[in-house]
1. I'm told residue 91 meets every condition in (1) farther than 23 Å from residue 19 by Cβ; (2) of a type outside the set (Lys, Arg); (3) assigned to a helix (DSSP H, G or I); (4) touching a strand residue (DSSP E or B) at 6+ places or on another chain (Cβ under 9 Å) except one. Can you identify the failing condition by its number?
2. Going by the conditions given, is residue 155 more than 16 Å from the chain's Cα centre (by Cα) and in a loop (DSSP other than H, G, I, E, B)?
3. Enumerate the pairs (first residue in the stretch 1-23 and not assigned by TED's automatic domain parsing to the domain that holds residue 45 and small (Gly, Ala, Ser); second residue anywhere and surrounded by fewer than 11 Cβ atoms within 10 Å (Cβ to Cβ) and at pLDDT 85 or above) with beta-carbon separation below 7 Å, excluding pairs fewer than 6 apart on the same chain, so at least 6 apart or on different chains.
4. Restrict the check to the stretch 142-151 and report whether at least one residue is within 30 Å of residue 44 (Cβ to Cβ) and part of a helix (DSSP H, G or I).
5. For the stretch 58-87, give me each residue that is among the aliphatic types (A, V, I, L, M), over 13 Å from residue 26 (Cα atoms) and assigned to a loop (DSSP other than H, G, I, E, B).
6. Tell me, which residue of the stretch 10-19 that is surrounded by fewer than 18 Cβ atoms within 10 Å (Cβ to Cβ) and under 11 Å from the mean Cα position of the chain (by Cα) is modelled with the highest pLDDT?
Amino acid sequence: MDFEEKNRFIESWGSMGILWGINRSMARIHAFLLVSEEPVDSAEISSYLSISRGNTSMCLKELRNWGVVQRVNISGDRRDFYITEPDTWKMLYRIALNRKSREFDPALHALRHLLAETDMTGSEKVHERLSQVEDILAILDHIIAGFLENETRSRTMLDFVKTMAPK
């Protein structure tokens, strides 16, 4: 793999990671593991990406919590090595599941709480606007929840949607 292209991908993935709600270092580590052919130890990750070993360790732990990175052992070596989730669909599914629970669900809950608890007297326009937003988000929540019900169902639904996509 071309060194420059590899680094460009790592940096782009790092920038995109911010949109997932994760920090840049965590996304860069994930990208590095995506383009690595063999398991990599944390020292190599730190060195290649020029980030501290402590930051690398914390990011790897969080990536493991997300379920997108796995710790593996290599026979005869006491170090921990890391790989990205080998099943790309599982990896993307877990990212979507985490994003929904960390971002979408709290936003919808806050909106519903605002509508239920706030006296909108005199602000009927605002109340109506927020009610419309809640209606749309409730529909999206239902669709997303159905899609993310389990990995097998999600994969089946995605395969179906792909058949409708223009080629």
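1. In the conditions (1) farther than 23 Å from residue 19 by Cβ; (2) of a type outside the set (Lys, Arg); (3) assigned to a helix (DSSP H, G or I); (4) touching a strand residue (DSSP E or B) at 6+ places or on another chain (Cβ under 9 Å), residue 91 misses (1) alone.
2. Details: more than 16 Å from the chain's Cα centre (by Cα): yes; in a loop (DSSP other than H, G, I, E, B): no.
Against the criterion (more than 16 Å from the chain's Cα centre (by Cα) and in a loop (DSSP other than H, G, I, E, B)), residue 155 does not qualify.
3. As it stands, the answer is none, since no pair meets every condition given.
4. Just the residues of the stretch 142-151 that are within 30 Å of residue 44 (Cβ to Cβ), to begin with: none.
Among the residues of the stretch 142-151, not one is within 30 Å of residue 44 (Cβ to Cβ) and part of a helix (DSSP H, G or I), which makes the answer no.
5. Filtering the stretch 58-87 for residues among the aliphatic types (A, V, I, L, M) gives 58, 60, 63, 68-69, 72, 74, 83.
Add one more test, that the residue is over 13 Å from residue 26 (Cα atoms), and what stays is 72, 74, 83.
The answer is 74, and nothing else.
6. First pass over the stretch 10-19, keeping only residues surrounded by fewer than 18 Cβ atoms within 10 Å (Cβ to Cβ): 11-12, 15-16, 18-19.
Filter once more, keeping what is under 11 Å from the mean Cα position of the chain (by Cα): 16, 18-19.
Values: 16: 88, 18: 80, 19: 78.
Filtering the stretch 10-19 for residues that are surrounded by fewer than 18 Cβ atoms within 10 Å (Cβ to Cβ) and under 11 Å from the mean Cα position of the chain (by Cα), the one modelled with the highest pLDDT comes out as 16.
The values are calculated or read from the model by the stated rules, or taken from the named source; none is laboratory data. Note that this is a predicted model, so its numbers are computed, not measured. Quick reminder, even Gly has a Cβ in these numbers, built from the backbone with ideal geometry, and neighbours come from all protein chains shown.
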